[in-house]
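Worksheet for the structure shown next.
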Amino acid sequence: MTDYVRQKGTAAFGTRLRRLSDRLDRQVQSIYREHDSTFQPRWFAVVSALREKDVLAVGELAALLGITHAAVSQLRGELIAAGLVRAKTDPADGRRQLLELSPNGKRAVARLEPLWTAIAAATNELVSAASPGLLDELGRLETALEQESMPARVGKLYP
């Protein structure tokens, strides 16, 4: 059976990227389950940033990760519910919430770091074997979209 989405080529580019991302997330989630962890792949960037930076405001995390404030707020709620992160009000600005790893989050990070190293090495092996220039190409795509958005590009072709 042929892959309908692949047949659509660039018209389904975003769909293919989401599908690939979803597939990788499901497979990494199964790795976490095999290692008795409830950690979610979508939490990695936030937890990693907090591990490196100690304390960050929601807006700072959003800017650092290149995602929306709303997305970070959603992840914040999930991570607080999972006991991995705690939030406190910024004493200098009561409107800002500061996030940091909880003691439980720090223990989870220490336990997960070797697994993250193995996942990164396996990902590197996959990318090197299947598409050695992929990360550079993704970087170029991200830069091109920063320079000119899809709405602007489509607007030039279809007013």
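The table below lists the values:
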| read-out | value |
| --- | --- |
| Matching option when the condition is under 17 Å from the mean Cα position of the chain (by Cα) and crowded, with 16+ Cβ neighbours inside 10 Å, among Leu50, Leu98 | Leu50 |
| Looking only at the range 1-18, and only at residues there that are among the aliphatic types (A, V, I, L, M) and touching a helix residue (DSSP H, G or I) at 6+ places or on another chain (Cβ under 6 Å), the one that is surrounded by the fewest Cβ atoms within 10 Å (Cβ to Cβ) | Val5 |
| Boolean, Ala87 is assigned by TED's automatic domain parsing to the domain that holds Ala62 and part of a strand (DSSP E or B) | yes |
| Lone unmet requirement of (1) part of a loop (DSSP other than H, G, I, E, B); (2) farther than 17 Å from Ala49 by Cα for Glu146 | (1) |
| Residues within the range 29-48 that are in a helix (DSSP H, G or I) and farther than 27 Å from Leu98 by Cα, tallied | 6 |
| Of all residues in the range 60-70 being small (Gly, Ala, Ser) and more than 22 Å from Lys106 (Cα to Cα), the one that is nearest to the chain's Cα centre (by Cα) | Gly66 |
| Residue that is surrounded by 14 or more Cβ atoms within 10 Å (Cβ to Cβ) and not aliphatic (A, V, I, L, M), where the choices are Ser30, Ser37, Ser21 | Ser37 |
| Any chance Ala122 is under 20 Å from Ser21 (Cβ atoms), surrounded by 13 or more Cβ atoms within 10 Å (Cβ to Cβ), without any contact (Cβ under 8 Å) to a residue 12 or more places away in the chain and not β-branched (Val, Ile, Thr) | yes |
| Residue in the range 63-77 that is farthest from Val47 (Cα to Cα), counting only those that are β-branched (Val, Ile, Thr) and outside any helix (DSSP H, G or I) | Thr68 |
| Val28 on the phi < 0 side of the Ramachandran plot, outside the structural domain of Arg107 (by TED's automatic domain parsing) and touching a residue at least 40 places away in the same chain (Cβ under 8 Å) | yes |
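The values are calculated or read from the model by the stated rules, or taken from the named source; none is laboratory data. In this text, all values refer to a predicted model and were calculated from it rather than measured experimentally. Counting neighbours? That spans all protein chains shown, and the Cβs are built from the backbone with ideal geometry, glycine included.
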